[in-house]
Amino acid sequence: MKTVCVLLSSYNGELYIKEQIDSILAQEGVNINLIVRDDDSSDSTVNILEEYSSKGLLSYYTGKNLGWKRSFMEMLISAPSCDYYAFSDQDDHWLPNKLHNAIKCIEQLQNGPNLYISNTIYWKDGKTRVTRKKKPFISKERCLIWSLGPGCTMVFNQQLKKLVQEAPPKIETPHDKRVQQVAALFGHIYFDMNPYILYRQHDNNQLGATVTFNENFRRRFSYYCSFRKDDIIEKEMSDLISCYDSSLLKDSKTICEKLLSYKSNIKSYFSILFSKRIRHENILSTLGFKLKIMFHQL
(Lines give C-alpha, C1' and ligand atoms only; values in the text may rest on other atoms or scores of the structure.)
Protein backbone atom coordinates (compact mmCIF):
# COMPACT_ATOMS: atom_id res chain seq x y z
CA MET A 1 0.00 0.00 0.00
CA LYS A 2 1.06 3.58 -0.64
CA THR A 3 1.98 5.79 2.29
CA VAL A 4 0.27 9.17 2.56
CA CYS A 5 1.69 11.91 4.77
CA VAL A 6 -1.27 13.91 6.06
CA LEU A 7 -0.37 17.41 7.27
CA LEU A 8 -2.80 18.95 9.75
CA SER A 9 -2.40 22.38 11.33
CA SER A 10 -4.42 22.74 14.53
CA TYR A 11 -5.51 25.79 16.48
CA ASN A 12 -8.08 25.69 19.29
CA GLY A 13 -9.74 22.75 17.65
CA GLU A 14 -10.98 20.82 20.67
CA LEU A 15 -14.61 20.69 19.47
CA TYR A 16 -14.07 18.75 16.24
CA ILE A 17 -10.49 17.58 15.96
CA LYS A 18 -11.12 14.09 17.38
CA GLU A 19 -13.70 13.34 14.71
CA GLN A 20 -11.35 14.58 12.00
CA ILE A 21 -8.39 12.55 13.27
CA ASP A 22 -10.52 9.43 13.53
CA SER A 23 -11.72 9.84 9.94
CA ILE A 24 -8.12 10.21 8.75
CA LEU A 25 -6.97 7.14 10.64
CA ALA A 26 -9.92 5.19 9.20
CA GLN A 27 -8.78 5.71 5.59
CA GLU A 28 -8.91 2.48 3.60
CA GLY A 29 -6.25 1.06 1.28
CA VAL A 30 -3.38 3.35 2.35
CA ASN A 31 -0.82 3.67 5.11
CA ILE A 32 -1.24 6.91 7.07
CA ASN A 33 1.55 9.07 8.46
CA LEU A 34 -0.36 11.81 10.29
CA ILE A 35 1.67 14.84 11.36
CA VAL A 36 0.10 17.70 13.29
CA ARG A 37 1.56 21.12 14.01
CA ASP A 38 -0.30 22.99 16.75
CA ASP A 39 -0.31 26.72 16.19
CA ASP A 40 -0.14 27.68 19.89
CA SER A 41 -3.63 26.59 20.96
CA SER A 42 -5.03 27.87 24.25
CA ASP A 43 -7.69 25.14 24.69
CA SER A 44 -7.33 21.37 25.18
CA THR A 45 -6.22 20.62 21.62
CA VAL A 46 -2.67 19.67 22.62
CA ASN A 47 -4.00 17.29 25.29
CA ILE A 48 -6.07 15.55 22.62
CA LEU A 49 -3.05 15.30 20.33
CA GLU A 50 -0.97 13.85 23.15
CA GLU A 51 -3.61 11.20 23.74
CA TYR A 52 -3.37 10.02 20.12
CA SER A 53 0.42 10.39 20.07
CA SER A 54 0.83 8.21 23.16
CA LYS A 55 -0.89 5.41 21.25
CA GLY A 56 1.43 5.84 18.28
CA LEU A 57 -1.40 7.04 16.01
CA LEU A 58 0.14 10.37 15.05
CA SER A 59 3.11 12.65 15.65
CA TYR A 60 2.73 16.27 16.62
CA TYR A 61 4.72 19.29 17.62
CA THR A 62 3.86 22.75 18.91
CA GLY A 63 5.09 26.13 17.78
CA LYS A 64 4.42 29.83 18.05
CA ASN A 65 1.30 31.18 16.43
CA LEU A 66 2.07 31.69 12.74
CA GLY A 67 -1.42 31.69 11.24
CA TRP A 68 -2.71 28.98 8.94
CA LYS A 69 -0.73 30.00 5.84
CA ARG A 70 2.70 29.94 7.45
CA SER A 71 1.87 26.99 9.68
CA PHE A 72 0.94 24.72 6.76
CA MET A 73 3.86 25.94 4.67
CA GLU A 74 6.32 25.19 7.46
CA MET A 75 4.92 21.66 7.70
CA LEU A 76 5.16 21.09 3.96
CA ILE A 77 8.74 22.32 3.74
CA SER A 78 9.84 19.99 6.56
CA ALA A 79 7.65 17.00 5.65
CA PRO A 80 9.39 13.60 5.49
CA SER A 81 9.65 11.45 2.38
CA CYS A 82 6.39 9.64 1.51
CA ASP A 83 4.61 8.42 -1.61
CA TYR A 84 1.87 11.04 -1.40
CA TYR A 85 0.87 14.07 0.64
CA ALA A 86 -2.44 15.58 1.75
CA PHE A 87 -3.51 18.67 3.68
CA SER A 88 -6.15 18.43 6.39
CA ASP A 89 -8.23 20.96 8.27
CA GLN A 90 -8.98 20.21 11.92
CA ASP A 91 -12.77 20.18 11.75
CA ASP A 92 -13.94 18.21 8.70
CA HIS A 93 -14.84 14.56 8.20
CA TRP A 94 -13.19 12.44 5.51
CA LEU A 95 -15.02 9.58 3.85
CA PRO A 96 -13.08 6.28 4.13
CA ASN A 97 -11.97 6.06 0.49
CA LYS A 98 -10.88 9.69 0.08
CA LEU A 99 -7.13 9.09 -0.16
CA HIS A 100 -7.21 5.75 -1.98
CA ASN A 101 -9.45 7.22 -4.69
CA ALA A 102 -7.19 10.28 -5.02
CA ILE A 103 -4.14 8.10 -5.60
CA LYS A 104 -5.93 6.09 -8.29
CA CYS A 105 -6.79 9.33 -10.09
CA ILE A 106 -3.26 10.70 -9.85
CA GLU A 107 -1.87 7.47 -11.28
CA GLN A 108 -4.01 7.99 -14.39
CA LEU A 109 -2.06 11.17 -15.20
CA GLN A 110 1.15 11.41 -17.16
CA ASN A 111 4.30 11.20 -15.09
CA GLY A 112 5.20 14.45 -13.39
CA PRO A 113 4.54 16.62 -10.33
CA ASN A 114 0.82 15.94 -10.15
CA LEU A 115 -2.03 17.22 -8.03
CA TYR A 116 -5.51 15.90 -7.23
CA ILE A 117 -8.38 18.17 -6.12
CA SER A 118 -11.94 17.07 -5.47
CA ASN A 119 -15.41 18.41 -5.01
CA THR A 120 -16.68 18.85 -1.46
CA ILE A 121 -19.89 18.58 0.51
CA TYR A 122 -20.48 21.78 2.47
CA TRP A 123 -21.72 20.83 5.90
CA LYS A 124 -23.32 23.40 8.21
CA ASP A 125 -25.90 23.06 10.98
CA GLY A 126 -26.89 19.62 9.71
CA LYS A 127 -27.44 20.91 6.17
CA THR A 128 -25.33 19.69 3.27
CA ARG A 129 -24.76 20.84 -0.29
CA VAL A 130 -22.41 19.56 -2.97
CA THR A 131 -20.14 22.45 -3.86
CA ARG A 132 -19.87 22.21 -7.62
CA LYS A 133 -22.46 21.26 -10.19
CA LYS A 134 -20.06 21.57 -13.13
CA LYS A 135 -16.47 20.53 -13.56
CA PRO A 136 -14.21 23.60 -13.38
CA PHE A 137 -12.44 24.88 -16.44
CA ILE A 138 -8.74 24.15 -15.99
CA SER A 139 -5.95 26.04 -17.70
CA LYS A 140 -2.47 27.01 -16.65
CA GLU A 141 -3.47 30.66 -16.57
CA ARG A 142 -6.53 30.14 -14.42
CA CYS A 143 -4.72 27.85 -11.98
CA LEU A 144 -2.09 30.53 -11.38
CA ILE A 145 -4.79 33.01 -10.36
CA TRP A 146 -7.74 31.14 -8.90
CA SER A 147 -7.88 28.16 -6.54
CA LEU A 148 -9.86 25.24 -7.94
CA GLY A 149 -10.72 23.89 -4.50
CA PRO A 150 -9.75 24.01 -0.83
CA GLY A 151 -6.47 22.55 0.34
CA CYS A 152 -8.24 19.92 2.42
CA THR A 153 -9.21 18.11 -0.81
CA MET A 154 -5.69 18.13 -2.23
CA VAL A 155 -3.50 15.04 -2.60
CA PHE A 156 -0.20 15.23 -4.48
CA ASN A 157 2.85 13.13 -5.22
CA GLN A 158 6.40 13.34 -3.98
CA GLN A 159 7.62 15.06 -7.15
CA LEU A 160 5.34 18.02 -6.55
CA LYS A 161 6.22 18.18 -2.86
CA LYS A 162 9.94 18.31 -3.72
CA LEU A 163 9.45 21.17 -6.16
CA VAL A 164 7.78 23.26 -3.47
CA GLN A 165 10.19 22.13 -0.76
CA GLU A 166 13.33 22.89 -2.77
CA ALA A 167 12.18 26.40 -3.72
CA PRO A 168 10.05 27.64 -0.82
CA PRO A 169 8.17 30.90 -1.34
CA LYS A 170 9.83 34.09 -0.16
CA ILE A 171 6.45 35.70 0.45
CA GLU A 172 3.54 34.69 2.66
CA THR A 173 1.17 32.81 0.41
CA PRO A 174 -1.46 30.11 0.98
CA HIS A 175 0.11 26.64 0.98
CA ASP A 176 -2.62 25.15 -1.19
CA LYS A 177 -2.50 27.91 -3.78
CA ARG A 178 1.27 27.55 -4.07
CA VAL A 179 1.00 23.80 -4.59
CA GLN A 180 -1.63 24.34 -7.28
CA GLN A 181 0.46 27.00 -9.02
CA VAL A 182 3.55 24.78 -9.12
CA ALA A 183 1.47 21.84 -10.38
CA ALA A 184 0.03 24.06 -13.14
CA LEU A 185 3.49 25.19 -14.23
CA PHE A 186 5.27 21.84 -14.15
CA GLY A 187 2.76 18.99 -13.96
CA HIS A 188 -0.88 18.04 -14.24
CA ILE A 189 -4.04 18.62 -12.21
CA TYR A 190 -6.92 16.16 -11.85
CA PHE A 191 -10.25 17.53 -10.62
CA ASP A 192 -12.68 14.93 -9.31
CA MET A 193 -16.35 15.91 -9.29
CA ASN A 194 -17.06 13.23 -6.69
CA PRO A 195 -16.91 14.60 -3.12
CA TYR A 196 -15.10 12.63 -0.42
CA ILE A 197 -15.10 15.17 2.38
CA LEU A 198 -17.72 16.74 4.61
CA TYR A 199 -16.39 20.31 4.66
CA ARG A 200 -17.65 21.58 8.01
CA GLN A 201 -18.66 25.23 8.26
CA HIS A 202 -19.05 26.98 11.61
CA ASP A 203 -18.53 30.36 13.23
CA ASN A 204 -14.87 29.71 14.06
CA ASN A 205 -13.68 28.71 10.57
CA GLN A 206 -10.31 30.26 9.72
CA LEU A 207 -11.39 30.24 6.09
CA GLY A 208 -14.89 29.18 5.27
CA ALA A 209 -17.31 28.36 2.55
CA THR A 210 -20.98 29.06 1.95
CA VAL A 211 -23.99 26.79 2.03
CA THR A 212 -27.06 28.81 1.11
CA PHE A 213 -27.71 30.63 -2.16
CA ASN A 214 -27.89 33.99 -0.36
CA GLU A 215 -24.56 33.41 1.41
CA ASN A 216 -22.93 32.40 -1.85
CA PHE A 217 -24.36 35.43 -3.68
CA ARG A 218 -23.20 37.86 -0.96
CA ARG A 219 -19.69 36.42 -0.98
CA ARG A 220 -19.39 36.55 -4.76
CA PHE A 221 -20.81 40.10 -4.87
CA SER A 222 -18.38 41.22 -2.19
CA TYR A 223 -15.42 39.66 -4.01
CA TYR A 224 -16.18 41.08 -7.44
CA CYS A 225 -17.03 44.53 -6.09
CA SER A 226 -14.07 44.80 -3.72
CA PHE A 227 -11.07 46.97 -4.47
CA ARG A 228 -7.69 46.16 -2.98
CA LYS A 229 -4.16 47.45 -3.26
CA ASP A 230 -2.12 44.47 -2.09
CA ASP A 231 -0.96 43.38 -5.58
CA ILE A 232 -1.36 39.70 -4.73
CA ILE A 233 -0.93 38.34 -8.25
CA GLU A 234 2.12 40.46 -9.00
CA LYS A 235 3.80 39.35 -5.78
CA GLU A 236 3.03 35.69 -6.44
CA MET A 237 4.21 35.78 -10.05
CA SER A 238 7.38 37.62 -9.12
CA ASP A 239 8.11 35.03 -6.45
CA LEU A 240 7.40 32.09 -8.77
CA ILE A 241 9.73 33.50 -11.43
CA SER A 242 12.40 34.14 -8.80
CA CYS A 243 12.13 30.61 -7.37
CA TYR A 244 11.82 28.67 -10.65
CA ASP A 245 13.33 30.92 -13.33
CA SER A 246 15.85 28.39 -14.66
CA SER A 247 13.28 25.55 -14.69
CA LEU A 248 10.31 27.28 -16.31
CA LEU A 249 9.46 26.40 -19.88
CA LYS A 250 9.12 29.40 -22.21
CA ASP A 251 5.31 29.38 -22.37
CA SER A 252 4.98 29.11 -18.58
CA LYS A 253 7.42 31.94 -17.99
CA THR A 254 5.61 34.10 -20.57
CA ILE A 255 2.30 33.58 -18.75
CA CYS A 256 3.87 34.49 -15.40
CA GLU A 257 5.45 37.60 -16.89
CA LYS A 258 2.15 38.73 -18.43
CA LEU A 259 0.36 38.36 -15.10
CA LEU A 260 3.22 40.14 -13.35
CA SER A 261 3.07 43.14 -15.69
CA TYR A 262 -0.61 43.33 -16.64
CA LYS A 263 -1.10 46.61 -14.76
CA SER A 264 1.87 48.39 -16.32
CA ASN A 265 2.17 46.81 -19.77
CA ILE A 266 -0.72 47.50 -22.14
CA LYS A 267 0.10 44.48 -24.31
CA SER A 268 0.04 42.16 -21.29
CA TYR A 269 -3.15 43.81 -20.06
CA PHE A 270 -5.14 43.11 -23.22
CA SER A 271 -3.61 39.66 -23.62
CA ILE A 272 -4.80 38.71 -20.12
CA LEU A 273 -8.15 40.47 -20.40
CA PHE A 274 -9.19 38.73 -23.62
CA SER A 275 -7.58 35.37 -22.97
CA LYS A 276 -10.06 32.53 -23.42
CA ARG A 277 -7.98 30.51 -20.98
CA ILE A 278 -8.86 32.82 -18.09
CA ARG A 279 -12.51 32.13 -17.44
CA HIS A 280 -14.97 30.41 -15.15
CA GLU A 281 -17.68 27.82 -15.70
CA ASN A 282 -20.48 30.31 -16.29
CA ILE A 283 -20.89 33.65 -18.02
CA LEU A 284 -21.65 35.73 -14.92
CA SER A 285 -18.61 34.52 -12.97
CA THR A 286 -16.39 35.00 -16.00
CA LEU A 287 -17.72 38.54 -16.47
CA GLY A 288 -17.04 39.35 -12.82
CA PHE A 289 -13.53 37.97 -13.14
CA LYS A 290 -12.85 40.02 -16.28
CA LEU A 291 -14.03 43.12 -14.43
CA LYS A 292 -11.45 42.42 -11.74
CA ILE A 293 -8.80 42.36 -14.46
CA MET A 294 -10.12 45.56 -16.09
CA PHE A 295 -9.86 47.45 -12.81
CA HIS A 296 -6.49 45.93 -11.85
CA GLN A 297 -7.92 44.05 -8.89
CA LEU A 298 -6.48 40.53 -9.26
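What is the diffusion coefficient of the stretch 93-186 in µm²/s, taking the Kirkwood radius over Cα pairs and the Stokes-Einstein relation at 25 °C with a viscosity of 0.890 mPa s?
Stokes-Einstein gives a translational diffusion coefficient of 169 µm²/s.
In the structure displayed, which of 134/258; 69/263; 170/267; 2/69; 98/292 lie more than 32 Å apart, Cα to Cα?
Those over the limit are 98/292.
What is the Cα centroid distance between the stretch 254-298 and the stretch 42-77, reported in whole angstrom?
So the separation of the two Cα centres works out to 39 Å.
For the chain, build the convex hull from the C-alpha positions and give me its volume per residue in Å³.
133
Given the peptides 124-135, 146-157, arrange them by the average over their residues of other C-beta atoms within 10 Å, most packed first.
146-157, 124-135
Considering all alpha-carbon pairs of the stretch 42-111, what whole percent are spaced by more than 16 angstrom?
Summing the P(r) of the stretch 42-111 above 16 Å gives 66 percent of all pairs.
How much of the accessible area of the chain, in percent, comes from carbon and sulfur atoms when a 1.4 Å probe is used?
Solvent-exposed carbon and sulfur of the chain make up 52 percent of the total.
So how strong a dipole does the chain carry about its Cα centre when Lys and Arg Cβ are +1 and Asp and Glu Cβ are -1, to the nearest 20 debye?
1640
As a check on your grasp of the helix formula, calculate [θ] at 222 nm for the chain: sum -39500 (n - 2.57) over DSSP H runs of n ≥ 4, divide by the residue count, round to the nearest 500.
One gets -12500 deg cm²/dmol as the mean residue ellipticity at 222 nm.
Restricting to the chain, compute how many DSSP beta bridges are antiparallel as a %, nearest 5.
So the antiparallel bridges amount to about 30 percent of the total.
The values are calculated or read from the model by the stated rules, or taken from the named source; none is laboratory data. The model shown is predicted, which means the values in this text are computed figures rather than measured ones. Note that each Cβ is placed from the backbone with ideal geometry, even for glycine, and that neighbours are counted across all protein chains shown. For the accessible areas, the whole protein counts, side chains as well, though only heavy atoms, and no ligand, DNA or RNA atoms are used. Shrake-Rupley method; radii C 1.70, N 1.55, O 1.52, S 1.80 Å.
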